[in-house]
Structure formats: structure tokens, C-alpha cells
Amino acid sequence: MTTRYFEPKYRTILEAKEGELEALANKSAYDLWKPVYHIHPQYGLLNDPNGLAWFKGRYHVFYQWYPYGAYHGMKHWAHVSSENLAEFERHPVAITPVEDYESHGAYSGASLQVGDELYLFYTGNVKYDKEARDAHQCLAIMNEAGEIRKYEKNPLIEGVPEGYTGHVRDPKVFEQNGTYYMLLGAQRENKTGAIIVYQSPDALNWSFYGELSVNIDLEGYMWECPDYFELEGKDYLIFSPQGIDPSGENYHNVFNTVYAAGTLNIEKLQFEVEEYHELDKGFDFYAPQSFEADGKRLLYGWAGVGEVNFPTDENAWAHCLTLPRELVRKGNRLLQRPADSLSLLQGELLAEGSTQGAGQEALLDNTTAKAFRALISTTSTSDMSVQLFESENEHFEIRYDHDAKKVTVDRSGMTHVVEAAFGTTREVTLENGLSEIEVLVDHSIAEIFVNGGEAVFTCRVFPLNEEKKVAITSNSKTNYGIYSMKRGISR
Ligand code: FRU
């Protein structure tokens with residue numbers, strides 16, 4: 001056996017020193033910027049949502065997790081679940097990478113119910129040195145009682161097919177006409193991105209089927225986290241291409257996420273794209289996954305991207321997931337709305353009113369200002385501005401330019417400016433002007449839904465610990481209501 005490539009960050013949770021995990025938990029627990037109703041790690045770093053499912057009466061959400069600090073290291077699958085998609089319970093780690101086929105992390109993947117079990121497909125990441133790597137596709141199985149075991153014949157797929165580098169990962173499995181298909185994000189040997197497909201009669205025995213042809217002019221150097229679903233007769237492919245240049249209002253983050261609407265012919269290995277768009281227009285969004293529950297198509301994303309420095313790093317935790325969003329089809333477009341379940345967390349009315357002309361300020365005190373939902377509707381016959389986290393020292397602005405029909409989100413006015421190299425504003429031009437803004441704020445994240453999900457901006461933001469206002473300035477008739485939001489997950 002060759003010696004295992006080692007760096008200190010490749011250590012599983014089982015190798016913790018005495019008291020180490022408790023110390024990490026204590027350090028992170030009372031961080032001012034910890035969300036209360038967004039899924040986040042107790043300590044350590046969270047990235048992609050994984051294995052999303054409605055299974056045997058509960059919602060299951062797994063996520064990529066590195067326990068030992070706010071940086072990327074040995075990835076585990078952490079696990080939370082919920083009866084109502086609002087209040088979540090934490091569970092022990094679902095997948096700990098202790099085997100040779102996953103020696104450098106249990107990477108992302110999706111789930112599929114097969115019989116009475118939930119199959120959790122994931123990628124075993126193996127590194128030989130800093131650069132050289134291999135990938136194996138693996139399976140863990142959750143039974144009805146919620147017990148999780150690794151499949152005894154792992155890996156399901158050993159290594160990568162010819163023509164691709166070691167960057168092959170993030171299985172998404174679905175069944176069509178009695179055959180199972182696995183989509184994988186991949187990098188061709190010529191360092192371009194692709195999606196490849198495996199096929200299986202039973203979800204256990206897999207053979208390489210080929211590369212999916214996707215007529216899209218976004219090559220990049222790697223495509224991560226493919227997701228596929230059908231919604232009201234239209235097929236959608238979501239993926240996260242790396243190495244895409246900014247273009248107009250699109251792709252301004254270090255890595256970006258795209259959805260394509262069209263028709264999938266999996267037997268012919270074709271996804272015929274009719275149109276494609278960037279999924280989220282904010283600063284912090286990547287690697288989303290969808291699942292079906294209750295006849296609805298729901299989606300979670302990682303409210304983060306790449307390697308960044310945040311002021312929370314020193315408290316040894318990083319990132320959170322987005323809220324669950326319901327996807328609604330409108331023509332070929334996808335609208336994204338906060339899932340209905342979030343109203344279960346909605347508390348008291350903090351402020352309400354309407355404004356026309358002069359600026360209007362809804363004052364929020366130091367506690368309530370940290371977790372709230374603001375609903376703003378406007379006739380939008382003029383420019384408009386909504387300030388979040390406003391104080392003498394800082395503000396975060398959502399602007400609407402009526403003539404250009406453009407919404408701009410601007411976090412340059414904050415004291416803690418993060419990811420500034422990628423710009424401090426994001427913009428979207430709306431088709432028919434602005435009618436509605438819904439903002440969900442949770443300590444260090446604001447998710448901004450425009451016009452019932454026509455555009456969404458996911459933004460991390462690290463406000464100072466002081467009294468804050470929401471201020472609205474508009475010359476058109478504008479109504480607003482601000483509600484507190486309750487805790488949905490433990491510290
Ligand atoms: C996306 C990603 C995936 C990979 C995982 C590792 O953020 O790079 O491709 O499986 O994160 O944590």
C-alpha cells in the first residue's frame with residue numbers, strides 16, 4: 001500500500017483530541033453573526049447541501065462539513081432533519097470518511113429513495129499529493145429507522161473514465177423507464193467542464209454510458225454539482241461551472257451557478273437547451289440541489305462560494321445554507337420563492353406602514369433587527385431605495401432605478417466589506433419593473449426575493465452590533481410589513 005498523502009486538515013472527527021470538539025463548539029456558539037433559522041454548522045465549515053429528501057415523513061438535509069475550523073479540509077456529511085421544513089433537529093455525522101476509497105473526504109452527492117431505503121450517493125475523494133487525485137462514486141444507505149451504513153461493496157464506481165481528470169464528482173441519480181442514471185460533474189483531460197453519465201439496472205451496478213451533450217456556450221474548466229428535474233413538462237439542468245467570465249449582469253462571483261431549460265433525452269445523451277440563466281444574482285450562492293416533496297420542487301443552495309475570509313473565521317465556523325426555496329415554472333424561467341413552511345417561523349409584526357414621497361424609517365431594536373422578514377410592495381413609478389442594517393456607521397442598500405428597470409444590491413456601505421475583489425454590487429434588469437421585494441434577514445445573511453422570485457440575491461453581510469433601521473425611500477406608493485423570525489435550528 002502506498003503511504004496516504006497527509007496534511008493536518010485531512011483528519012476526521014474521530015481523530016479529535018480530547019476536549020477539542022467541545023472547545024470548538026464553545027468558541028462558535030455565541031458568535032454574533034450566527035444565523036438562527038438558516039441551517040448552519042455548530043462549528044467548522046459548511047458548504048454544499050447534499051442528499052436532500054422527503055423520506056418516511058421527514059425532511060432530510062445533509063451538508064458538506066469540515067469540523068476543525070473555518071476552512072476547507074476533510075469533508076464529512078453532516079445531517080439535520082425536520083418534520084415541517086422549518087424547525088430542524090441536528091443528528092450525528094452521517095458519513096465520516098474513514099475508508100481508503102474516501103481517504104480525503106466524502107464529497108457531495110444526492111439521494112434517491114429505492115424501496116424503503118434512502119440511497120445517499122456521494123464521491124469518495126482521494127488525493128495522492130497536493131495536485132494528483134482520484135474519485136470514486138460511493139453509496140451510504142439510510143433505513144426507515146434513520147440508521148445510516150456504508151454500502152459493503154463500495155465503491156460503486158472505481159476511478160474515473162478515460163478522457164477525464166480526477167475531477168469527477170457530485171452524483172445526481174434518477175430513474176427513467178426502469179433504468180437508473182447517474183449524472184456527474186467532470187473535467188475533461190483538456191481541462192474543460194462537462195457532465196458525464198453512468199447507467200444501472202438496480203442503482204448498485206453501474207457502467208459508463210457517455211458524456212451528456214449540452215448545447216451551451218459556457219465551457220469553463222470544471223462543472224460541479226449537476227442537478228436535473230422535470231417541472232410541469234419542462235426539463236431543467238442546474239450545474240455550477242467553474243472558470244466562467246463575468247458577462248453583463250451575470251457571473252460575477254468566483255464560481256457561479258446556471259440553470260438551463262430544455263429537453264433531456266438521456267438515452268441519446270442529449271440535453272437540448274432552449275435558454276439558460278444564472279440562478280441567483282447575489283454574492284454568495286453555489287452548488288444548489290433540488291428535491292421533490294409534497295408535489296413541490298424545492299431547492300437549497302450553499303450561501304457561500306469558494307475560499308473567502310469572513311469576520312466569523314476567528315470563531316471557527318463558516319457559512320450556512322440558503323432557506324428552502326420553492327421553484328415555480330413561468331414559461332421557461334424558474335421563479336424561486338421562500339418555501340411556505342417559513343411562515344411557521346414568522347413571529348410578531350415589528351413595523352408596518354406605507355410611504356410616498358419622504359423617506360420612511362422602520363426602526364428595529366438591537367435584538368429584533370437580527371432575524372426578520374420584510375415584505376415591501378410598491379407601484380414603483382419612481383426610483384426607490386431600501387436600506388437594511390442602517391445606522392450612522394453603515395448601511396446595505398437595495399436600489400431601484402425606474403427608467404432602467406434595474407435593481408442594484410450594494411454592500412459597499414458596510415464596515416466589514418467581504419469578497420471586495422469580486423465587486424460590491426450586483427444588478428438585475430427586470431422585465432416589467434418592480435412590484436415587490438421580500439427580504440429574509442438572519443444575523444449575517446440577507447436573501448432578497450424580487451417580484452415573487454423573478455430574481456433572487458443571496459448575500460452574506462456582517463453588520464455591526466448596534467441599533468439598526470430599515471429605511472425606505474420612494475416616491476411611489478409603497479407598503480411595508482416587517483415580522484420577526486424565530487429560531488429554527490439549535491446553536
Ligand atoms: C462544490 C464542491 C463539490 C465537491 C464539494 C467538496 O462546492 O467543490 O464539487 O463535491 O464541494 O466539499
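The values are calculated or read from the model by the stated rules, or taken from the named source; none is laboratory data. Note that the structure is predicted; figures quoted are calculated from it, not measured. In this analysis, Cβ positions are derived from the backbone assuming ideal geometry, glycine residues included, and neighbour counts consider all displayed protein chains. Quick note on the areas: whole protein, heavy atoms, side chains included, nothing else; ligands and nucleic acids left out. Shrake-Rupley method; radii C 1.70, N 1.55, O 1.52, S 1.80 Å.
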task: Assess whether Lys153 counts as being outside any strand (DSSP E or B), at pLDDT 95 or above and charged (D, E, K, R).
output: yes
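I'd like the full set of residues that are basic (Lys, Arg), modelled with pLDDT of 95 or more and over 21 Å from the mean Cα position of the chain (by Cα), limited to the range 426-484. Quick ask: steps written out before the conclusion?
Going through the range 426-484, the residues basic (Lys, Arg) turn out to be 426, 460, 468-469, 477.
Then drop every residue that is not modelled with pLDDT of 95 or more, which leaves 426, 460.
Within the range 426-484, no residue meets the criteria.
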query: If you take the residues of the range 42-67 that are free of Cβ contacts under 8 Å to residues at least 60 places away in the same chain and not in a strand (DSSP E or B), which of them is farthest from Leu345 (Cα to Cα)?
result: Pro67
- prompt: If Lys330 passes every condition in (1) modelled with pLDDT of 95 or more; (2) away from the ligand (no atom under 16 Å from the Cβ); (3) open to solvent by less than 50 Å² (accessible area, probe 1.4 Å) but one, which one does it miss?
  reply: (3)
task: Please specify each residue of the range 198-230 satisfying the condition of being hydrophobic (A, V, I, L, M, F, W, C), under 20 Å from the mean Cα position of the chain (by Cα) and either away from the ligand (no atom under 16 Å from the Cβ) or not assigned by TED's automatic domain parsing to the domain that holds Glu278 (or both).
output: Phe229
task: Sort through His104, His72 and tell me the only one that's within 12 Å of the ligand (Cβ to nearest atom), in a loop (DSSP other than H, G, I, E, B), of a type outside the set (Val, Ile, Thr) and open to solvent by 10 Å² or more (accessible area, probe 1.4 Å).
output: His72
Entirely in the range 341-459, the strands (runs of 3 or more DSSP E) that have 2 or more residues that are open to solvent by 40 Å² or more (accessible area, probe 1.4 Å): 346-355, 360-364, 371-378, 396-401, 425-429
field: Residue tally, condition farther than 20 Å from Arg373 by Cα and in contact (Cβ under 8 Å) with a residue 24 or more places away in the chain, over the range 331-342
entry: 3
- line: Scanning the range 113-131 residue by residue, those within 20 Å of Ala186 (Cβ to Cβ) and under 26 Å from the mean Cα position of the chain (by Cα) turn out to be Phe121, Tyr122, Thr123, Gly124, Asn125, Val126, Lys127
statement: Per the list (1) at pLDDT 95 or above; (2) within 16 Å of the ligand (Cβ to nearest atom); (3) in a loop (DSSP other than H, G, I, E, B), residue check on Tyr122 breaks on (3)
message: Checking Phe174 against (1) within 14 Å of the ligand (Cβ to nearest atom); (2) surrounded by fewer than 24 Cβ atoms within 10 Å (Cβ to Cβ); (3) within 25 Å of the chain's Cα centre (by Cα): exactly one of these is not met. Which one?
response: (1)
message: Restricting to the range 210-239, name every residue that is part of a strand (DSSP E or B) and farther than 18 Å from Glu272 by Cα.
response: Met222, Glu224, Cys225
- request: For the range 146-162, name all the residues that are surrounded by 13 or more Cβ atoms within 10 Å (Cβ to Cβ) and without any contact (Cβ under 8 Å) to a residue 24 or more places away in the chain.
  value: none
- prompt: Would you call Glu390 in the same structural domain as Lys370 (by TED's automatic domain parsing) and under 22 Å from Ala318 (Cβ atoms)?
  reply: no
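Answer with yes or no whether Thr179 is of a type in the set (Ser, Thr, Tyr), more than 16 Å from the ligand (Cβ to nearest atom) and closer than 25 Å to Ile238 by Cα.
yes
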field: Condition broken by Asn143, with the remaining ones in (1) buried (at least 22 other Cβ atoms within 10 Å of the Cβ); (2) closer than 27 Å to Ser82 by Cα satisfied
entry: (1)
task: Pull up the range 219-266, narrow it to residues that are open to solvent by 10 Å² or more (accessible area, probe 1.4 Å) and hydroxyl-bearing (Ser, Thr, Tyr), then point me to the one that is farthest from Ala455 (Cα to Cα).
output: Tyr221
statement: Residue hits (the range 128-137; part of a strand (DSSP E or B) and either within 12 Å of the ligand (Cβ to nearest atom) or surrounded by fewer than 16 Cβ atoms within 10 Å (Cβ to Cβ) (or both)) are Arg133, Ala135, Gln137
